[in-house]
Amino acid sequence: MENLKISELIGRAPWREAVTYRKTWPHEYVLSIKDKQRQLFELVCARLRAGEGVECRFFAMRNTYLFLGSHKYWLMTHWDELDLDDGQEYVLNRAPLYRDRRDFVIQPGDTGKPEDYPAKPAAPAKTA
């Protein structure tokens with residue numbers, strides 16, 4: 001039931017293009033207050049608190065991503081610091097999922113656009 005609810009909220013959210021990264025890493029976002037998306041933010045945070053998030057690196061920045069359907073979602077404020085009652089505006093981003101390991105490994109030349117995906121997939125990280 002919660003899967004259906006979060007899918008419906010995602011489908012109704014007024015996603016807008018993140019213009020700043022249009023040419024380097026295209027994605028969309030919604031705002032908690034301006035877009036009246038409190039319920040969506042609550043469900044995303046609940047999923048992350050439940051351990052459904054995957055910690056990944058975006059260049060030098062570490063973040064926790066939630067993979068739902070054909071997109072990955074992330075918050076600009078860490079989910080355990082987000083307080084929807086503090087009057088602050090929060091941002092939820094999403095980007096389409098790509099093939100291979102793109103959503104975990106950013107390679108030189110990888111701009112976020114499908115046509116710029118490096119021809120050779122990234123090698124898995126070596127563990128010591």
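Every read-out reported here was derived from the displayed coordinates using simple, explicitly stated rules and does not represent laboratory data. Because the structure is predicted, anything quoted here is derived from the model rather than measured. Positions of Cβ are backbone-derived with ideal geometry, glycine not excepted, and every protein chain shown enters the neighbour counts.
Here's how it looks for K72: its modeled amide H is under 5 Å from those of A95, L97, which are all 5 or more places away or on a different chain.
Computed 3J(HN,Hα) for region 39-56, one whole-Hz value per residue from the Karplus formula 6.51 cos²θ - 1.76 cosθ + 1.60 where θ = phi - 60°, is 4, 5, 4, 4, 5, 4, 5, 4, 5, 5, 4, 6, x, 7, x, 10, 6, 9, glycine and proline marked x. 3J(HN,Hα) along region 63-71: 8, 10, 10, 10, 9, 9, x, 9, 9 Hz, from the Karplus curve 6.51 cos²θ - 1.76 cosθ + 1.60 with θ = phi - 60°, whole Hz, x for Gly and Pro. The magnitude of the dipole of region 1-42, with charges of +1 and -1 set on the Cβ of Lys/Arg and Asp/Glu and taken from the Cα centre, is near 200 debye.
Normalised size of region 1-69, defined as Cα radius of gyration per 2.2 N^0.38 Å with N residues, equals 1.20.
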